[in-house]
Amino acid sequence: MTTNWIAIGHIDDIPLRGARCVKTPDGKIAVFRTAENEVFAIEDQCPHKGGPLSQGIVHGRAVTCPLHNFVISLESGRALGADEGEVRTIPVRNIDGQLSIAFEAAALVAAE
Amino acid sequence: MTNLGAQKLVIIGNGMAPGRMLEHLFEQAPGLYDVTIFNAEPRVNYDRIMLSPVLSGEKTFEDIIIHGDGWYIENNVTLYKGHRIVEINRQARTVTSDHGVTESYDKLVIATGSVPFIIPVPGKDLPGVITYRDLDDVDAMLLAAQSREKAIVIGGGLLGLEAAAGLALRGMDVTVLHVMPTLMERQLDPAAGYLLQKAVEERGIKVITKANTKRIIGTDRVEGIELDNGTIIPATLVVMAVGIRPNAGLAKDAGLAVNRGIVVDAGMQSSDGDILAVGECAEVDGMVYGLVAPLYEMARVAAAHLAGDTKPAFVHSDTPTKLKVTGINLFSLGDFADGDDREEIVLRDATAGIYKRVVIKDNRIIGTVLYGETSDGAWFNDLKKKGTDISAMRDTLIFGQSFQGGAPLDPMAAVAALPDDAEICGCNGICKGKITSTITAKGLTTLDGVRAHTKASASCGSCTGLVEQLMSLTLGDAYNPAAVTPMCTCTELGHDDVRRLIKAKGLKSIPAVMQELEWKTSCGCAKCRPALNYYLVCDWPDEYADDYQSRFINERVHANIQKDGTYSVVPRMWGGVTSAAELRAIADVVDKFEIPMVKVTGGQRIDLLGVEKEDLPAVWADLGKAGFVSGQAYAKGLRTVKTCVGSDWCRFGTQDSTGLGIRIEKFMWGSWTPAKLKLAVSGCPRNCAEATCKDIGVICVDSGFEIHFAGAAGLDIKGTDVLGLVKTEDEALEHIVALTQMYREQARYLERIYKWAKRIGHDEIRRQIMEDHDKRRAYYERFVFSQKFAQVDPWSERVSGKDKHEFKPMAAVGFHQAAE
């Protein structure tokens, strides 16, 4: 099981306080850019009812799901406040604005 | 949504007792039952005690709703409105309604309440003779009151006097007939009854005591009443308010034990182990009840038993009575008949109109009547309940609590001195300790919060002052009665303050607002950012740069997100009018993009559901070629203007309603508003466009255009109110636009027109829009200015490449034919 860093694009491709999607055979990954220019990647599927988190409003280091307002931490993937649930986080590397995500082929196969 | 494994609970009746029972049940045993309610009244659960303020005009029906439609949805309760149960089949364990719906039950609760007693005199069935029991009766009285003619109320008890006062306030000439020598003789002694009669008469209401009705006169409808002594009193409305009796017929037919009411044990269990009864229809230990406090106690006991806790038992207790006629203060409790073994202490102050009487037996209070000054009611109630020996304070007892021990005459001190178990809210049986401990435990700072958590002052509201005093005592300076609810956890400021400060300080960006108003978070949250973005768009249409990242996804991508992450697309159809070419273009788009569902909306247009986000720009491009623009079906903004066909086609149409609707829609499309805005124009009062449940509606009449506003047909249902009548289309447009702009500038984000209007007052809105011509013109012009920047079709912008990143994935990885 090896970690491959796969390039996904430049940080400027993502709007500030916004997100873009990366498609994988295992489903979509949402890549977020916060107001402070930090980048996070999490599974694009709310633990509540599967809502697309990439479409939510980004505030601080969190995103609010567009379907039912679960607030998910971008750092831990966990639901904040009174709600419970967790999504997978994916490591992101940012070298001079060039973004890559850690892509574990073995983990992907296992997940399928 | 059915809850597998849950037992089926069916409730017959949807009044205050079963409503309260369900609140307790959902708290104690959520999910234990699938609940179905059959309500003979075609509406939700409301506060029946408050019908009198609705009759007098001091409250509206919406004010007294206990559970709105949303509550039933949230709690998964099936409510059949307007279904009267006609049969209980105990063998099959089913009930059947008059509309033929049959439902089976594991547990059945009968809460059929009571029926008004009709005195059996000739003429009792004439039109114009009504009872006073539910909202339909109030509506009937209000309708009759429009005539400003004569009304007779039979019955000088609590209900009759409240009805009489309400009808008098509505402009009717009212006479009260009471069979006993003094009013409210069951609650008041003759002296207090006399004072009450004087106060009632001062309101212009005639009172005739010892009045026996012989017959009701009239041929096609009621014309008057003849008394036993031959007196004839003319009237066009007769209200019978002579008492109620338990409505137990259904239970009797089903073979349950019925005496005066449905016989139940202290656990609310009837003679059938799976059937309970609560409320006015139930008889416990030989007693039936009509005041809310014991009914709520029944509800609490029944809920516990349904939840599996069989310990709680119903215990009888006296309930204080209060009359809800504004300006008449009256308190009555317990037994106050004269007797050899009883003593009484009486205080009279004729000038101030005060009468107080305490009845004592064995040095303990057994009854109290207070008239004119009732603030010591809670204290007397407490002394009576505890059986306190009053011999030590006998000489000063009647002067009240503040006089004891030389305490200062300060109402706060009086409340502070009450013991923890003193009852504050009689309707709900809530004592002082429960209120203060809940305030502390839950960190409550608002009256609404206290009402939500404890129910204190949430029914008749007469103890609101006491509850507020308790809040001041418990919270000290932290309690500010005018306290505002903050916008969200990022700020202490409420919406109104934020809106005011944005204008006053000239704040023109979200970071500026957050900096100047000392936001507690760095970049807000999903609650405050969309609100701030709207306020800034509204207040600075030419200067503010819309912050798309602060918009909800629907407004960012100009389509409606669906549960599976696909989108729905609704093109605008002006006034609901379309053409063969438009329909053909829609059909082609559906085929080309394999759109799975096409649906006609309630707003007279067509919804294309299940469009992939990546396809949106291409779908819009094809629709755009046929002349379609965005229908903004996703926007907190102008949605649709529904129309009927009007004078062009309809034989009843009085004006060109279709033309006016299209004109309004073309004028107002693209505008952002605090919440969605739906309009309609009907060509005649038959109202085929359903304009009277819209945010703004127009009913065309021969003499012009009647403008309506503040309707609702969603979680809440509310008919519109009339704003005013104007003569021309131009005026109609100007008034509607001005009203919209006033709403845009003043409402809180996500607040629909009807909620905003209720908050600031319909009369104020009428004054500004109908009467103040300069103000109306200024609103109109500000709207027109703002439209210069708002009327850009978002779809064609995006077809031309705007926000391209929104519609494309950033990358695709891990596939064999990976992009990189």
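Of note:
- Qualifying position, being within 14 Å of another protein chain (Cβ to nearest Cβ) and open to solvent by less than 40 Å² (accessible area, probe 1.4 Å), among B:Ala778, B:Ala811, B:Ala747, B:Ala738: B:Ala811
- Pair list, Cβ < 9 Å and 6+ apart or interchain, from the range B:196-208 residues that are within 13 Å of B:Gly327 (Cβ to Cβ) to residues that are open to solvent by 90 Å² or more (accessible area, probe 1.4 Å) and in a helix (DSSP H, G or I): B:Arg203/B:Leu169
- Among residues of the range B:379-400 being in contact with a strand residue (DSSP E or B) (Cβ under 8 Å, 6 or more places away or on another chain) and open to solvent by 20 Å² or more (accessible area, probe 1.4 Å), the one that is nearest to B:Gly327 (Cα to Cα) is B:Phe399.
- The single condition among (1) of a type in the set (Lys, Arg); (2) more than 33 Å from the chain's Cα centre (by Cα); (3) open to solvent by 20 Å² or more (accessible area, probe 1.4 Å); (4) within 14 Å of chain A (Cβ to nearest Cβ) that B:Lys625 does not satisfy is (4).
- Among the residues making up the range B:516-558, those that are within 13 Å of chain A (Cβ to nearest Cβ), hydroxyl-bearing (Ser, Thr, Tyr), over 19 Å from B:Asp793 (Cβ atoms) and surrounded by fewer than 20 Cβ atoms within 10 Å (Cβ to Cβ) are B:Thr521, B:Ser522.
- Inter-residue pairs, beta-carbon under 6 Å, first without any contact (Cβ under 8 Å) to a residue 60 or more places away in the chain and of a type in the set (Gly, Ala, Ser) and in the range B:249-269, second assigned to a loop (DSSP other than H, G, I, E, B) and crowded, with 18+ Cβ neighbours inside 10 Å, 6+ apart: B:Gly261/B:Ala248; B:Gly261/B:Cys281; B:Gly261/B:Val288; B:Ala266/B:Phe314
- For the range A:1-58, a residue qualifies if it is in a loop (DSSP other than H, G, I, E, B) and closer than 17 Å to A:Ala79 by Cα, and the qualifying residues are A:Asp44, A:Gln45, A:Cys46, A:Pro47, A:His48, A:Lys49, A:Gly50, A:Gly51, A:Pro52, A:Gly56.
- Residues in the range B:666-705 that are of a type in the set (S, T, N, Q) and open to solvent by 10 Å² or more (accessible area, probe 1.4 Å): 3 in all.
- Filtered by the rule that a residue be among the hydroxyl-bearing types (Ser, Thr, Tyr) and either farther than 23 Å from B:Trp669 by Cβ or not in a loop (DSSP other than H, G, I, E, B) (or both), the range B:740-769 gives B:Thr740, B:Tyr743, B:Tyr754.
Condition check ((1) within 24 Å of B:Ala29 (Cβ to Cβ); (2) buried (at least 24 other Cβ atoms within 10 Å of the Cβ); (3) not aliphatic (A, V, I, L, M)) across all residues:
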| residue | (1), (2), (3) |
| --- | --- |
| B:Met268 | yes, yes, no |
| B:Met287 | no, no, no |
| B:Arg300 | yes, no, yes |
| B:Gly308 | yes, no, yes |
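- The range B:567-617, subset in a strand (DSSP E or B), in contact with a Ser or Thr (Cβ under 9 Å, 6 or more places away or on another chain) and among the aliphatic types (A, V, I, L, M), residue most open to solvent (accessible area, probe 1.4 Å): B:Met597
- For B:Tyr754, the criteria (1) crowded, with 16+ Cβ neighbours inside 10 Å; (2) in contact with a Gly (Cβ under 7 Å, 6 or more places away or on another chain); (3) over 18 Å from B:Gly637 (Cβ atoms) hold in every case but one, which is (3).
- Any hit, the range B:492-506, residues being within 11 Å of chain A (Cβ to nearest Cβ), open to solvent by less than 80 Å² (accessible area, probe 1.4 Å) and touching a residue at least 12 places away in the same chain (Cβ under 8 Å): no
- Within the range A:1-52, the set of residues being at positive phi, surrounded by fewer than 22 Cβ atoms within 10 Å (Cβ to Cβ) and facing chain B (nearest Cβ under 7 Å) comprises A:Gly9 only.
- Single residue of the range A:53-84 satisfying the filter (open to solvent by 30 Å² or more (accessible area, probe 1.4 Å) and more than 12 Å from every other protein chain (Cβ to nearest Cβ)) that is farthest from the chain's Cα centre (by Cα): A:Ala82
- Selected residue [outside any helix (DSSP H, G or I), over 24 Å from B:Pro541 (Cβ atoms) and within 22 Å of the chain's Cα centre (by Cα)] from B:Leu725, B:Leu715: B:Leu715
- Scanning the range B:797-808 for residues that are in a helix (DSSP H, G or I) and either open to solvent by less than 60 Å² (accessible area, probe 1.4 Å) or in the same structural domain as B:Lys613 (by TED's automatic domain parsing) (or both) yields B:Glu797, B:Arg798, B:His805, B:Glu806, B:Phe807.
- Among all residues of the range B:183-195, there is at least one that is over 20 Å from B:Val54 (Cα atoms), out of contact with any helix residue (DSSP H, G or I) (no Cβ under 8 Å at 6 or more places or on another chain) and of a type in the set (Asp, Glu).
- Taking the range B:649-678 as the range and being closer than 30 Å to B:Ala559 by Cβ and hydrophobic (A, V, I, L, M, F, W, C) as the test, the residues that pass are B:Leu660, B:Ile662, B:Ile664, B:Phe667, B:Met668, B:Trp669, B:Trp672, B:Ala675, B:Leu677.
The values are calculated or read from the model by the stated rules, or taken from the named source; none is laboratory data. Keep in mind it's a predicted model, so treat the numbers as computed, not measured. Positions of Cβ are backbone-derived with ideal geometry, glycine not excepted, and every protein chain shown enters the neighbour counts. With ligands, DNA and RNA removed, areas are computed over all heavy atoms of the protein, side chains included. Shrake-Rupley method; radii C 1.70, N 1.55, O 1.52, S 1.80 Å.
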